[in-house]
Amino acid sequence: MAIIVGEGEFRYEVIENWGTLPDGWRYGEVAAVGVDSKDNVYVFARAEHPMLVFDRAGNFLRSWGEGLFRRPHGVHIADDDTIYCTDDGDHTVRRMTPEGRMLLEIGVPGEPASYMSGDPLNRCTHTALSPDGDIYVADGYGNARVHKYAPNGKLRFSWGESGTDPGKFNIVHNICCDADGWVYVADRENHRVQVFDGKGAYHAQWVNMHRPCGLCMTRGRNPLAYIGESGPGLAINMRVPGIGPRVSIVTHEGKPLARLGDATRDRPSQFVAPHGVAIDSRGDIYVGEVSRTAMSNRGTPIPPSQDVRCLQKLVKLA
């Protein structure tokens, strides 16, 4: 029996066990997901094989990044199909070819800036590209900043500081940029997405969400935003309805259109910790989850020998 989530024009069929790995391989945890122009899916995993590449049907194509990445966190795929990989474990952003050759490295591996200094980089989390090719880096766990780099990796300027006021951050977890140059920042522990212009000036915030982690947007003008909300971070409110974990679909002005996921149900449509979200050309959604980390934080550690669900595909229905 098919499992359907959502309603109206935002209805999806949940595909269980999508993405076939070679024998003996494991995902570990999936920190981020990206889709290229051919609808190939790049799965950035905290495992022996960090970047796992699949076709749209879930057939395994290749892997790369072995021995290079310390703690995968973010993936952004450019229009030319190069992949920006953010590694919060060694404080770097790397631009890679689809085959895994490095083209650019921002940051010094293993050498973070001082904690909360505002200088790049300390446990950076994600990247986005402006319409002109500038690189935005969310410097999120050891800083409270967004850095803007030229395409060649030269720092232009930075903005943000720790706090709860507009324009301030409490874990800059994800970042997107639309075709008009607006910058959208998932300010996770402030439970909001903040909107800035390309100069770092604050303009708006969306507050109808709970711990936004994943963030991606459709292409073109007036995009839709897909937000992975990790929901409760404590065991005491883990199963409280109405606050996730879930994937929310909103307009570019933050108006909610759909919520996918239900914390009160134990079934494959239930998310644990949607950490990375991506959309393909047909509107299907790919969700990467850090289930092992989330369950441990909520007081339910998962033994290393036990596998966890960390990747789902939701097929959009006509």
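Scanning the range 232-244 for residues that are free of Cβ contacts under 8 Å to residues at least 40 places away in the same chain and closer than 18 Å to Q270 by Cβ gives N237, R239, V240, P241, G242, I243, G244. Collect the residues in the range 297-318 that are touching a Lys or Arg at 6+ places or on another chain (Cβ under 9 Å) and modelled with pLDDT of 95 or more, keeping them in residue-number order. Hits for the range 297-318 are V315, K316, L317.
Can you tell me which residues in the range 130-141 are touching an Asp or Glu at 6+ places or on another chain (Cβ under 8 Å) and under 16 Å from V185 (Cα atoms)?
So in the range 130-141, the residues touching an Asp or Glu at 6+ places or on another chain (Cβ under 8 Å) come out as 131, 140-141.
Once the filter is applied, which keeps residues that are touching an Asp or Glu at 6+ places or on another chain (Cβ under 8 Å) and under 16 Å from V185 (Cα atoms), the range 130-141 yields G140, Y141.
Identify, from the list G167, G181, G163, the residue that is out of contact with any helix residue (DSSP H, G or I) (no Cβ under 8 Å at 6 or more places or on another chain), surrounded by fewer than 17 Cβ atoms within 10 Å (Cβ to Cβ) and farther than 25 Å from L104 by Cα. Answer to the check: G163.
When residues in the range 286-318 are screened for being under 20 Å from P72 (Cβ atoms) and not basic (K, R), 18 of them pass.
With respect to (1) charged (D, E, K, R); (2) part of a loop (DSSP other than H, G, I, E, B); (3) touching a residue at least 12 places away in the same chain (Cβ under 8 Å), the lone exception for R11 is condition (2).
Restricting the range 4-40 to residues that are in contact with an Asp or Glu (Cβ under 7 Å, 6 or more places away or on another chain) and surrounded by fewer than 17 Cβ atoms within 10 Å (Cβ to Cβ) leaves a set whose member that is farthest from G261 (Cα to Cα) is S37.
Given the criteria in contact with a Pro (Cβ under 6 Å, 6 or more places away or on another chain), of a type in the set (A, V, I, L, M, F, W, C) and within 28 Å of G283 (Cα to Cα), does F44 qualify? For F44, the condition - in contact with a Pro (Cβ under 6 Å, 6 or more places away or on another chain), of a type in the set (A, V, I, L, M, F, W, C) and within 28 Å of G283 (Cα to Cα) - is met. Apart from one condition, V30 fits all of (1) under 20 Å from A273 (Cβ atoms); (2) without any contact (Cβ under 8 Å) to a residue 40 or more places away in the chain; the exception is (2).
Please determine whether any residue of the range 22-36 is touching a Phe, Trp or Tyr at 6+ places or on another chain (Cβ under 8 Å) and more than 20 Å from L129 (Cβ to Cβ). Can you show your working first?
Taking the range 22-36 as the starting set, the residues that turn out to be touching a Phe, Trp or Tyr at 6+ places or on another chain (Cβ under 8 Å) are 22, 30-36.
Filter again for more than 20 Å from L129 (Cβ to Cβ), leaving 22, 30.
Checked the range 22-36: at least one residue is touching a Phe, Trp or Tyr at 6+ places or on another chain (Cβ under 8 Å) and more than 20 Å from L129 (Cβ to Cβ).
Matching residues to (1) of a type outside the set (A, V, I, L, M, F, W, C); (2) over 21 Å from G28 (Cα atoms); (3) touching a Cys at 6+ places or on another chain (Cβ under 8 Å):
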site	(1), (2), (3)
E229	yes, no, yes
N237	yes, yes, no
G244	yes, yes, no
D284	yes, yes, no
M295	no, no, no
I302	no, no, no
L311	no, no, no
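If you go through the range 221-260 and keep only what is surrounded by 14 or more Cβ atoms within 10 Å (Cβ to Cβ), of a type outside the set (A, V, I, L, M, F, W, C), at pLDDT 90 or above and not in a strand (DSSP E or B), you end up with P223, S230, P245, H252, G254.
The values are calculated or read from the model by the stated rules, or taken from the named source; none is laboratory data. As the structure is a computational prediction, the values presented were derived from the model and not from experiment. Because the Cβ atoms are built from the backbone with ideal geometry, glycine has one as well, and the counts that use them run over all protein chains shown.
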